[in-house]
1. Taking the criterion of being of a type in the set (F, W, Y), crowded, with 16+ Cβ neighbours inside 10 Å and under 30 Å from B:F205 (Cβ atoms), would at least one residue in segment A:401-424 satisfy it?
2. May I ask you to say which residue of A:W125, A:W105, A:W129 is modelled with pLDDT of 85 or more, surrounded by fewer than 16 Cβ atoms within 10 Å (Cβ to Cβ), more than 14 Å from chain B (Cβ to nearest Cβ) and closer than 24 Å to B:L266 by Cβ?
3. Would segment B:243-264 turn up any residue that is at the interface with chain A (Cβ under 7 Å from one of its Cβ atoms) and within 19 Å of the chain's Cα centre (by Cα)?
4. Considering B:L152, B:L142, which residue is part of a helix (DSSP H, G or I) and more than 17 Å from B:A12 (Cβ to Cβ)?
5. Do we have A:F189 as aromatic (F, W, Y), under 14 Å from A:V475 (Cα atoms) and out of contact with any Lys or Arg (no Cβ under 6 Å at 6 or more places or on another chain) here?
6. Inside segment A:440-488, can you point out the residues that are among the basic types (K, R), more than 50 Å from the chain's Cα centre (by Cα) and modelled with pLDDT under 85?
7. If you take the residues in segment B:217-231 that are crowded, with 21+ Cβ neighbours inside 10 Å and over 11 Å from A:N284 (Cα atoms), which one is farthest from the other protein chains (Cβ to nearest Cβ)?
8. Tally the residues that are surrounded by fewer than 18 Cβ atoms within 10 Å (Cβ to Cβ), within 14 Å of chain B (Cβ to nearest Cβ) and hydroxyl-bearing (S, T, Y), restricting the search to segment A:229-263.
Amino acid sequence: MSAVETQEGLAAAFPARPRTTGGLWEREVLGRVWRFFTSIRLALILILMIAAAVMAGTLIDQVPASVIANPAAYDSWLQAAHSKYGVWAGVFDFTQLFNVFHSLWFRILIGLLTANIIVCSVNRWKGIWKTVFHTRTRMGDAFFQHARFNAAMTAQMPVSTAAERVHKALSHARYRVATQADDSSVAIFADRNRFSRFGTFLSHLSIVMILAGTVIGGIWGFSDDSFIVSEGAIQDVGHGTGLSVGLSHFTDEYYLQGPPKDYSSELVIYDKGVEVKSGTVHVNSPLSYKGISFHQAFFGQTAVMEVKDANGASIFSAGVPLAWQSLNGGRPIGSFTLPAKNETVYVTGPASGQTDPTIPAGEMQVEVYQSGGTLVSSGNVTQGVAKDLAGLNFTFVRESRFTGLKVVKDPGVNLIWIAAILMVIGLAMLFYFPTKRIWAICRQRPDGTADVRLATTAERDLSQTKEFENMRERVKLALGISGEGDDRKEGGAHV
Amino acid sequence: MYELSQYAFVAAFAALALAVCLYVVNVVGARGLSRMSLAGGGSMSTSSLGPTLDAAGRYATILTVNSFAFLSACLVFRAIASGHGPFSNMYEFSLAFSWGALVLYLYFEVQYRLRSLALLVLPVALGMMAYATTVPSDIEPLVPALQNNTLLTVHVAVAILAYGAFALAFGAAVLYLFQRRDTIRWLPRAVVLDEIGHKAVMVGFPAMALTIILGALWADIAWGTYWSWDPKETASLVTWLIYGGYLHARVIRGWRGSRSASLLILGFGATMFTYYGNLFFGGLHSYG
């Protein structure tokens, strides 16, 4: 993609106009905008700015999305950031450097790059189409003299024989060869991998497709990072899916040395209450149903609790996943509500891996809060032993497990994988199978010998030095020219 | 198998260390030679030194090939012993990185018949091996997240290809900056160094794209999200962007030559940051 080529394409698209007149004003403005986005220099600046932004987002702590959603949590996060970054925290907060990847300016940069890619692709389409399908076979003398890589040689044979041999040498090197003869000369054009030129469109447009995929996923998808189901329970997925998930069993296995070997959840998926699918989810093998996938994310302890009211009627009987950590002591903690009583009950388990003086093993601490947040009553409940608290009768039935799943719907992801494949194909075409082109002309000399010239274009983005040398040697060999003797002039083709 | 792998590693390390010394003798000696012939004197020592230097160069190449063979054996034995590719810890990945740098270096030495790149590229490979000796080499069983052998093996294979190529481009770029006006007789010409840097990026850039894509595919399967702005992900994206910038810079007037070469050096900085980034940051990639 040379700057010169871009400029030419531009000139063709927007021929210079002497002065703007009223009616042409819009076209003029549009032309200027278009011109701005055809610049490869703009592409470089944007790429480097985005790289710098991504680097900043790597080096500076980024606010988690869950914290952003909650102003109070963000304030306390910012407090912590202040102690780490000092006065810079204010600057980073103001410039959105704590949230680079969701900031307005980062999106603007991405938007500009997208426009840049689209405009450049449109701009170059015609030119590349022409080079792939309609290349001139016969080039003028000036080309053979001034091309970046050129060579001239004399063959001791009639021009038709020389041309035939050059043709053969190029074909042997797996070039596609075209010839055009006139009275005293034969022009030859040969190329390889000509379709690789289209790789530039594949690789650039795949970036636009990936960005489109992320937008589609953002609009029509959802992601629930903490979907929790206790063993034996069934939980609604929500998000308008009509699905619910039941956990039959959670298993965690460990190697003898201690590290984890496997986490797996046996799941049953229900669609509007009807069982539609079941299977076991492992960390590297999710379960999906109708575009919604379930991934193993975490797990923990569940306390199966039963609550009876003063009349002995059961008002709650279910597993309470202790999925959070208490701030003091790091104990597993969970909660449930009693709508009839307008109360919330917190259940806290013993801290793991140590003897907990407050909550011994085999017990759960139960705290009953009124809706306003006032503690009504609290106490420890021993497994299998009913206990009266706040006028209710609590039983800690038994311990079991819950699984934490990540539930994802991302309708953009398939577009992203298609784009990824196109990108790899495009880049492989451009860099592993680059287009190679070479022109030759064989002219009759008065003494009956043939004047053979080779040349190829100066394409800075394809290293052609070695390839050109290689082809020159093949042609020489075919023409029976040995060594450097017959070379009258050479371009900058020496390594 | 594990012991065999360790022995092969020691052999590869020793061979490479010796090779680097001989390359230094070869290249720096050539420098001395070019100075002497410039001065016009010392014809006696010049004639006796020349063949010695050539021999040093030849042995350096032979040793590098040996180091490469030993390192290959080391990786194969280890893969047999562990039952998976070299992706489970920094030890394995460091060896793989060295292997990538050696492959790419040898390919370019043969292609361009020049040894001066060894001065910059092979110390990187040697440094990686030296680093590997400082981290635990035990084979540990795979944690659940890493139990995706095929995908992760290919992911690492293309990653080391990319990293090796970027190391080579780095070497060529540094030499280019010294040689930009073709003033140093014992170094390859600037135009050749420029081409080597570009060729290396042509190998590495698509490989890096595939590395990121396969990483995203794995993340999507294991974590349910193809991209989570994890430090390792972002660092690899920065690396890819810098080389993407280089490929564009190379065709812009005013950016050819030295500025492009500087981008290659910056890009290799980002590569090393990508590689070691997880030592400073947490994230999903904290095992290597």
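The values are calculated or read from the model by the stated rules, or taken from the named source; none is laboratory data. Remember, it's a predicted structure, so these values are computed and weren't measured experimentally. As a convention, Cβ positions derive from the backbone with ideal geometry for all residues, glycine included, and neighbour counts pool all protein chains shown.
1. Pass one, segment A:401-424, residues of a type in the set (F, W, Y): A:402, A:417.
Of the ones still in play, those that are also crowded, with 16+ Cβ neighbours inside 10 Å are A:402, A:417.
Retained after the next criterion (residues that are under 30 Å from B:F205 (Cβ atoms)): A:417.
Within segment A:401-424, one or more residues are of a type in the set (F, W, Y), crowded, with 16+ Cβ neighbours inside 10 Å and under 30 Å from B:F205 (Cβ atoms).
2. Details: A:W125 fails: closer than 24 Å to B:L266 by Cβ; A:W129 fails: closer than 24 Å to B:L266 by Cβ.
So the residue among A:W125, A:W105, A:W129 that is modelled with pLDDT of 85 or more, surrounded by fewer than 16 Cβ atoms within 10 Å (Cβ to Cβ), more than 14 Å from chain B (Cβ to nearest Cβ) and closer than 24 Å to B:L266 by Cβ is A:W105.
3. Yes, that holds for at least one residue.
4. Numbers: B:L142 fails: part of a helix (DSSP H, G or I).
Only one candidate qualifies: B:L152.
5. Values: aromatic (F, W, Y): yes; under 14 Å from A:V475 (Cα atoms): yes; out of contact with any Lys or Arg (no Cβ under 6 Å at 6 or more places or on another chain): yes.
Answer is yes for this residue.
6. Scanning segment A:440-488 gives a single hit, A:R488.
7. Residue satisfying both the conditions and the ranking: B:D230.
8. Number satisfying all stated conditions: 3.
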